[in-house]
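The values are calculated or read from the model by the stated rules, or taken from the named source; none is laboratory data. Computed from a predicted model, the values in this text were never measured in an experiment. All Cβ positions, even for glycine, are placed from backbone atoms using ideal geometry, and neighbour counts span all protein chains on display.
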């Protein structure tokens, strides 16, 4: 059974998938996991393969915009998982980028979201 933060995270990822699809992305897979890390959503945006990290927060953003929570260590883990995916699927020559979907839930006040394209560069060192 999932706890409240886990349920909130899954709901955020589902909303992010809807937002991305509504913005023209085609979802390929969700919650891609390797020993190196996890990628929340892998999608195509036209000819570009996109590795998407979803960050969601509830409330007034007391801890700041969630997009800033994708720190260097998180970028390295996502990058390593992305390289694994590219090798595994034979797409090493494919154009790719890293996006972040930031979601702030305001309860009854609705949701504010943002897609940050090219949020960071490949970071594996």
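Side notes on the structure shown:
- Within the range 112-125, tally of residues that are over 13 Å from residue 66 (Cα atoms) and modelled with pLDDT of 75 or more: 6
- Inclusion of residue 38 among residues that are over 15 Å from residue 124 (Cβ atoms) and exposed (fewer than 12 other Cβ atoms within 10 Å of the Cβ) is not warranted.
- Restricting 70, 48 to residues that are in contact (Cβ under 8 Å) with a residue 40 or more places away in the chain, within 15 Å of residue 122 (Cα to Cα) and surrounded by fewer than 17 Cβ atoms within 10 Å (Cβ to Cβ) narrows the list to 48.
- Going through (1) surrounded by 12 or more Cβ atoms within 10 Å (Cβ to Cβ); (2) modelled with pLDDT of 95 or more; (3) more than 16 Å from residue 45 (Cβ to Cβ) one by one, residue 104 falls short only on (2).
- No other residue among 30, 97 is touching a strand residue (DSSP E or B) at 6+ places or on another chain (Cβ under 9 Å), free of Cβ contacts under 8 Å to residues at least 40 places away in the same chain and crowded, with 17+ Cβ neighbours inside 10 Å apart from 30.
Conditions (1) at pLDDT 95 or above; (2) in contact with a helix residue (DSSP H, G or I) (Cβ under 7 Å, 6 or more places away or on another chain), marked per residue:
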{"site": "1", "(1), (2)": "no, no"}
{"site": "13", "(1), (2)": "no, no"}
{"site": "22", "(1), (2)": "yes, no"}
{"site": "28", "(1), (2)": "yes, no"}
{"site": "45", "(1), (2)": "yes, no"}
{"site": "55", "(1), (2)": "no, yes"}
{"site": "67", "(1), (2)": "no, no"}
{"site": "79", "(1), (2)": "yes, no"}
